1. Given the -39500 (n - 2.57) contribution per DSSP H run of 4+ residues, what per-residue ellipticity at 222 nm results for chain A, rounded to the nearest 500 deg cm²/dmol?
2. Between A:Ala166 and B:Leu305, what is the spin-label point distance in nm, taking each point 7 Å from the Cα along the Cα→C-beta axis?
3. Just how far, in whole angstrom, is segment B:128-179 from segment A:160-217 if you go by their alpha carbon centroids?
4. Largest first and in whole Å, what are the equivalent-ellipsoid semi-axes of chain B based on the Cα gyration tensor, each being the root of 5 times an eigenvalue?
5. Could you tell me which of the pairs B:Lys127/B:Lys285; B:Lys234/B:Lys274; B:Lys242/B:Lys274; B:Lys59/B:Lys260; B:Lys35/B:Lys260; B:Lys113/B:Lys135 are separated by over 22 angstrom between their Cα atoms in the structure shown?
6. Given Cβ point charges of +1 (Lys, Arg) and -1 (Asp, Glu) and nothing else, what value in debye, to the nearest 20, does the dipole of segment A:51-264 about its Cα centre take?
7. Please order A:Ile125, B:Ile41, B:Ile126 by the number of other Cβ within 10 Å, starting at the fewest.
8. Looking at chain A as a GNM with Cα springs under 10 Å, which of A:Arg161, A:Arg175, A:Arg61 has the largest mean-square fluctuation?
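Taken together, the values in this text are just the output of simple stated rules run on the coordinates, not laboratory data. What you are looking at is a predicted structure, and each value in this text was computed from that prediction instead of being measured. Reconstructed Cβ throughout: ideal geometry from the backbone, glycine too, with neighbour counts over all protein chains shown.
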Amino acid sequence: MQKNETMDTNLIRNLPRAAKRSYRWLGIISIVAGLIAWWAVARFSGLPAFVLPSPLQVWQRFLVSLSDGELAQNTAVTLLEILLGLFSGTLFAIVLGYWLAKSLTLEKFLSPYLVASQAVPLVAIAPLLVIWFGPGIFSKVLICALIVFFPVLVNTVVGLRAVPTAYYDLMHSLRASRRQILFHLEIPAALPIFLGGLRIGATLSVIGAVVGELVGADRGLGVLINVGRGTYDTPMVFVAVFTLIALALSLYGIVAWIERRLLAWQQIMEL
Amino acid sequence: MLKRLIVLILLGALTAACGASPASGSGTNALVHIKLPVGYIANIQFAPLYVAIDKGYYKDAGIEIEFDYSLETDAVSLVGANNLQFAVVSGEQVLLARAQGLPIVYVMAWYQKYPVSVASKASQNIKTPADLKGKKIGIPGRYGADYIGLDALLYSAALSENDVTLDSIGFNQVAALAADREQAVSVYTNNEPIQLRSEGYQINELRVGDYVQLASNGLITNESTLSSNPDLVKRMVSATLKGIADTIANPDEAYTISEKYVPNLAQADATTPKQILSSSIDMWKANRLGYSNPQAWTNMQNTLLKMGLLKQPLDLTKAFTNQFIP
């Protein structure tokens, strides 16, 4: 394998040329097939447009909301909530995750609250959070951070605890300081599992932001969904949903790219 | 001889079968099952429906009611798609839906006054719509009756949204007002103000229905049901109107009946629910129960046009009908 090459690109590199070309087009073909299937259902099922609009109707609504700035303004608000929630949820999860990984006592003491943070349905407590913290951006960021917190926390703990004891022995034998152990052993070793959790957290953060907006907000893609439902503008609901999907995919892609960059050394080590 | 006997028996059987035919639908043999969304949970506000069920008005009309607690917008979509025949919704939903091609028709006015108020603590000194200028007002969101009713109230005082600060707070108006997060909140006349007063707050209330007449809560159906089964619509309207009339005439009896249909009502302190029922009855009373006032529909359309929720006027004659109102 070449430097910085992943398993995926290695597999592609060894395919026959014709297969390589069709492999690249598969994703696009899948999307086009999905659009055709959607159009066919909308056209021939007899469902009215307010139940299932056609791809063209959704596209036209997208263009209108793009041209009047409505989509961009509301997307910017949701994106801000997502980024702030993702950052704060991840930071808190990393800090707490490190100490939980080091202390079984602390983990057992906090475990009821940690499990509850995941088990409680957000749609049930979101109205309470809006009451307690107000309808502004803070409650949305908090809801977002809560949904990101648990998967990142769990993967941080698992990643740190997965470091083999022999590696610690080696570091201690070289008289490494606590700081050196953290930066030269624990972080690199835990990074693959941590980044896996971050990928999940990144996509969940979109859900968190929207749940908060659906409960009570003046701006955001969740507000567009509510207003679209309230005025039977189903194409607008679709536009907002697709924009949310695009945001989630983009965040996932960014984390995956970061993962490839930060874990490039793994491929080098395997040579 | 035997042949004649067989023919007579067959004729007799045929006659009996025609007499019991479900086509008429008005006997007790074949009840039409109607799933009825009412847009809220089981509540004393729906006393007329409980009375109509309990006294057999729906049964006599050949109808069996099953309550559905879907959201109002979902109910409208279901009726529009002819998955359901009827629903109880607010008037503006009809115009908003028809503007998007949903073929729903309003066939009976239940509320004669729009059931939205703007409530504020007495200390805010908001006693007229003009006093709302410059205030921070909480609404559930920029959709629905609370939002539209508030704007209609503002327009009645030559104000607009630009003269106030609107806050979308979800359905948390009571908490927001109690905690002084908002100076005023848009609420349901027969709900939140009564709750706030029962908790000891001194409240000023501006009722939209006192300043502008708007098409309010009523019974809708769809064009398909209207054209294929107008008799069903007539029977549904008739039974419901009887329930409303009986409730207005005998609130105490209606309350007692409602205890069978509203969970925990029989065990609860009756003070607040009875106030809710009394406040609701005030909004139902009319010289001609069920009648839709054309001016109320014109006012509603004008409000929605001014708010930008409607892009162009609709043919209001297709949005509502009084043909089933006695």
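1. Working: 13 runs with 221 residues, N = 271.
Mean residue ellipticity at 222 nm (helix-derived): -27500 deg cm²/dmol.
2. That separation, rounded to one decimal, is 8.2 nm.
3. Cα centroid to Cα centroid, the span is 46 Å.
4. Values: eigenvalues 364, 106, 43 Å².
Semi-axes from the Cα gyration tensor: 43, 23, 15 Å.
5. Values: B:Lys127/B:Lys285 25 Å; B:Lys234/B:Lys274 31 Å; B:Lys242/B:Lys274 20 Å; B:Lys59/B:Lys260 17 Å; B:Lys35/B:Lys260 19 Å; B:Lys113/B:Lys135 25 Å.
Violating the 22 Å limit, Cα to Cα: B:Lys127/B:Lys285; B:Lys234/B:Lys274; B:Lys113/B:Lys135.
6. Values: 13 positive and 10 negative charges, 138 e Å.
Dipole magnitude for segment A:51-264 comes out near 660 debye.
7. Details: A:Ile125 15, B:Ile41 11, B:Ile126 22.
Ascending Cβ contact count within 10 Å gives the list B:Ile41, A:Ile125, B:Ile126.
8. Evaluated over chain A, the most mobile residue of the options is A:Arg175.
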